[in-house]
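One structure is given here, and the rest of the page talks about it.
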Amino acid sequence: MKKGARPISAKNGVILVIDTKVLKTIDSIGREALDSLVNDGFFTYGWFKTLETSKLFNLNPFYVTAYDKGNLVAFAPCFHDVDDQYFRYGQNVIPYMKKVLNVCNRLHIGRDHVLLCYSPSCYRTKIFVGNGLNEGLLLKNLSEEIDAICKQEKILFSSFLFVSEFDQLLVTQLENLGYHKFFWQPTLYLDVRWRNFEDYLKSLDHNVRNRIRREIRSCKENGVTIEELTEFKHLSKVLSDLSSNNLTKHNKRETRVYEPSFFENLSDYAKGNAKVYVAKKNGAIVGFSLCLKKCGTLDVFHAGFNYVLQEKFDFTYFNLCYYSPINWAIQEGIQKIYYRVKAERVKIRRGCKPEKIYSFVKCHNNIINSQIGAYLKIRNKIGQV
């Protein structure tokens with residue numbers, strides 16, 4: 001899918017000749033081109049290549065891109081949501097939306113899944129535009145390409161699933177482009193602004209500071225050691241098993257398993273961006289945390305544990321998911337650590353702040369989309385009474 005080249009003016013007055021393309025594999029973009037544009041570990045070549053090869057998700061990608069004279073200047077990853085991630089995570093406030101999709105599919109007039117503009121497993125939706133370029137115009141060009149995908153593929157709805165309150169340009173642009181906005185929920189992040197780990201501790205409440213010191217000390221005294229790995233392919237089976245333990249204990253509704261192939265491919269393709277912290281006790285691995293790094297950000301996004309070998313006062317979870325990554329982030333000059341949802345009080349005590357996340361959805365039938373807008377206005381007005 002490709003439109004003709006279009007001239008647009010950059011912020012510095014330079015005229016760019018923009019050629020938009022929709023590509024089906026991340027190799028069609030290439031590691032160097034993509035990684036020089038994005039600043040987030042979940043949007044790198046290594047992450048998308050891992051997803052394509054490990055089959056963690058049932059992917060049908062549409063990588064929406066813009067080029068100027070052969071150089072990548074904008075990027076928006078989209079996926080046909082065969083796994084129904086929208087209905088799992090999105091704000092399903094449009095009445096009978098899934099039923100409408102099912103009927104359209106049975107009548108062969110549309111697909112029964114949404115087009116998601118996001119990165120799988122990431123709670124942030126982003127569109128990337130090169131520095132100094134006209135972001136508003138490029139976002140509009142990419143949005144037009146997304147509209148064209150939906151028309152050609154007979155996809156009735158598209159959604160930007162996790163848009164941060166801090167991405168005001170994208171928030172404003174999506175509303176102007178006919179998307180309806182819904183509050184999802186907050187995620188948590190940590191601003192890293194300390195010279196060393198001791199300064200971080202001093203920024204916390206006295207009781208929390210003492211608790212953290214006790215948890216670090218107790219972890220060591222109970223014979224637990226923490227190792228930092230950038231190559232972890234040889235541990236893929238162990239990491240997968242520990243991940244399944246965590247899934248069984250805490251996420252009974254989740255059915256997706258991180259198979260060994262996921263860790264193998266991530267270790268191969270995301271070198272320099274992926275890091276694993278491993279906890280060992282008596283020579284056995286008792287837990288791990290998985291992080292993704294890019295530029296000045298770090299995601300602590302997945303963990304797994306051996307609950308049989310762990311003991312109450314090992315405090316393995318806190319050392320793997322908080323203290324080791326925070327200490328490393330300070331040393332590396334990382335400015336921001338992203339955490340997920342849940343355990344909000346635990347994260348806030350350790351210095352994290354909430355970040356409001358919004359979902360946006362648009363129906364690509366103009367009449368239905370306007371009716372949805374009218375319904376939502378009435379709904380919101382009633383909710384304010």
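The values are calculated or read from the model by the stated rules, or taken from the named source; none is laboratory data. Every value quoted in this text rests on a predicted model; they were computed, and no experiment measured them. When we count neighbours, we look across all protein chains shown, and the Cβ atoms used for this are built from the backbone with ideal geometry, even at glycine.
What the table shows:
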| read-out | value |
| --- | --- |
| Qualifying residue in the stretch 249-267 (condition: modelled with pLDDT of 95 or more and out of contact with any Ser or Thr (no Cβ under 6 Å at 6 or more places or on another chain)) | yes |
| 1 or more residues at negative phi and touching a residue at least 60 places away in the same chain (Cβ under 8 Å): qualifying strands (runs of 3 or more DSSP E) within the stretch 92-211 | 157-164, 180-191 |
| Scope the stretch 138-192; condition acidic (D, E), under 17 Å from V22 (Cβ atoms) and out of contact with any Ser or Thr (no Cβ under 6 Å at 6 or more places or on another chain); matching residues | E144, D147, E153 |
| Of all residues in the stretch 273-290 being touching a residue at least 60 places away in the same chain (Cβ under 8 Å) and within 20 Å of the chain's Cα centre (by Cα), the one that is nearest to E231 (Cα to Cα) | A274 |
| Subset tally (residues that are part of a loop (DSSP other than H, G, I, E, B) and either among the acidic types (D, E) or assigned by TED's automatic domain parsing to the domain that holds L266 (or both)) for the stretch 18-72 | 1 |
| Positions within the stretch 314-359 being charged (D, E, K, R) and more than 23 Å from V286 (Cβ to Cβ), in sequence order | E332, K336, E344, R345, R349, K353, E355, K356 |
| Test: residue in the stretch 257-277 that is farther than 30 Å from I26 by Cβ and part of a helix (DSSP H, G or I) | no |
| Candidate set from the stretch 212-237 (those that are assigned to a helix (DSSP H, G or I) and aliphatic (A, V, I, L, M)); member that is nearest to N273 (Cα to Cα) | L235 |
| Scope the stretch 328-339; condition surrounded by fewer than 18 Cβ atoms within 10 Å (Cβ to Cβ) and within 21 Å of H302 (Cβ to Cβ); matching residues | E332, K336 |
| Residue in the stretch 357-379 that is under 23 Å from K249 (Cα atoms) and surrounded by 15 or more Cβ atoms within 10 Å (Cβ to Cβ) present | no |
| Tally, over the stretch 311-365, of residues that are closer than 13 Å to E215 by Cα and either assigned by TED's automatic domain parsing to the domain that holds L290 or among the small types (G, A, S) (or both) | 14 |
| K312, sole failed condition from (1) surrounded by fewer than 18 Cβ atoms within 10 Å (Cβ to Cβ); (2) touching a helix residue (DSSP H, G or I) at 6+ places or on another chain (Cβ under 9 Å) | (2) |
| Pair list, Cβ < 7 Å and 6+ apart or interchain, from the stretch 25-41 residues that are farther than 21 Å from F301 by Cβ to residues that are among the β-branched types (V, I, T) and buried (at least 20 other Cβ atoms within 10 Å of the Cβ) | I29/T65 |
